[in-house]
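Working notes, beginning with the structure itself.
Please treat every number below as a calculation from the coordinates, not as lab data. All figures in this text were calculated on a predicted structure; none of them were measured in a lab. Don't worry about glycine lacking a Cβ; one is built from the backbone with ideal geometry, like all the others, and counts go over all protein chains shown.
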Amino acid sequence: MNKFLLLCLLVFSAQAETLKTVITVDRDVFEDSRRFLNGRDALEITDFSTEYARRDIVDFVLIQQAVALGGIKLVVKFEPGNYDARNLRSISTGLLLIGLDTFWLSELEKLQEQIFISDPLIRRGEFIAGVYTSPHNSQALAVTSLAQLKKLSAISSSHWHADWTTWQRISPEKLINDPSWPSQAKLVSRGWVDVMLAPFLPTMPFTMRGPDYELIAIPGVKVGLYDSRHVAVSRLHPDGERVFAALQSGLAQLRKDGRIVKAYTEAGFFHPAVANWTLLNPISNQTRH
């Protein structure tokens, strides 16, 4: 399948219309994507089980591949910087054509008159997070059920809509709002707050360390976020409609070939090691990968 997909991508890109565009991207994603690609064209990638692969790098590559499979090869001039909060606004005003990262559907639905919303790359129920705590928090580390999780304090940011909504539905004993991830990590690490959500890492054990914190995922349990992730394309950009049509066509092919699930699995985002861990908050009508 890998060789066939690569052949298709190379054939399509050779025949495809080329479209030059500027895309702003967060500097950390840009630098890691350069390390991941290591001189390769994004259209050549069929294996994500390598260093620097993570969820947003998979987004970065698959979005370009989908547009190419749909008949348009994006020739991109990247402008790296701190664009996390601005990219969606720039797409909605037509300043940017497309984003090479996915957004939560709940963010995009408010802007439907200004943007096209793609089919999901990460479907509702597929975004699974670990519940992280201090290595010294014995009560949190013993959690095996939703009832036990509800008795703990949790921390997140109301600006992270999917995370915040998920915590509100879980309804922990106390939910603290803090917009800074490093601050959240320090509070949990020091035991002042019991738990926080964070992605699973590509390799085990699932521990996170920084200058002022040490966190560990509670073994055997996971939490699903109540949202899906999609690509945004500008309705106000002159090339928006045809790029969106190409994107949708390519995403359908990638989904049919199993390439989307395979890519996120290889990058560790759909982590096989936690496949049988208990989902503490089962999501109704959940789509499983």
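From the phi of every residue in the stretch 106-115, what ³J(HN,Hα) in whole Hz does the Karplus formula 6.51 cos²θ - 1.76 cosθ + 1.60 yield, where θ is phi - 60° and glycine or proline is x?
My calculation for the stretch 106-115 gives 4, 6, 7, 4, 6, 10, 5, 6, 9, 9 Hz in order.
With 32 Å as the limit, write out which pairs from Lys20/Lys256; Lys174/Lys262; Lys73/Lys222 have Cα-Cα distances beyond it, or answer none.
The answer is Lys174/Lys262; Lys73/Lys222.
Taking amide H positions as placed in the peptide plane 1.01 Å from N, state which residues far from Ile122 in sequence (5 or more) or on other chains have amide H under 5 Å from it.
When sequence neighbours closer than 5 places are left aside, the close amide H contacts are Arg229.
Taking H as built 1.01 Å from N, whose amide H comes closer than 5 Å to the amide H of Ala198, not counting residues under 5 places away?
Gly130, Tyr132
Quick one: Leu152, Leu215, fewest Cβ neighbours within 10 Å first, how do they rank? Please report the intermediate quantities before stating the final value.
On the way: Leu152 20, Leu215 23.
So the ranking, lowest neighbour count to highest, is Leu152, Leu215.
Among Leu175, Leu88, which comes first, second and so on when ranked by fewest other beta-carbon atoms within 10 Å? Could the numbers behind the result be given before it?
Working: Leu175 16, Leu88 21.
Listing Leu175, Leu88 from fewest to most nearby Cβ atoms yields Leu175, Leu88.
Which order results if Arg123, Arg40 are arranged by neighbouring Cβ count within 10 Å, fewest first?
Arg40, Arg123
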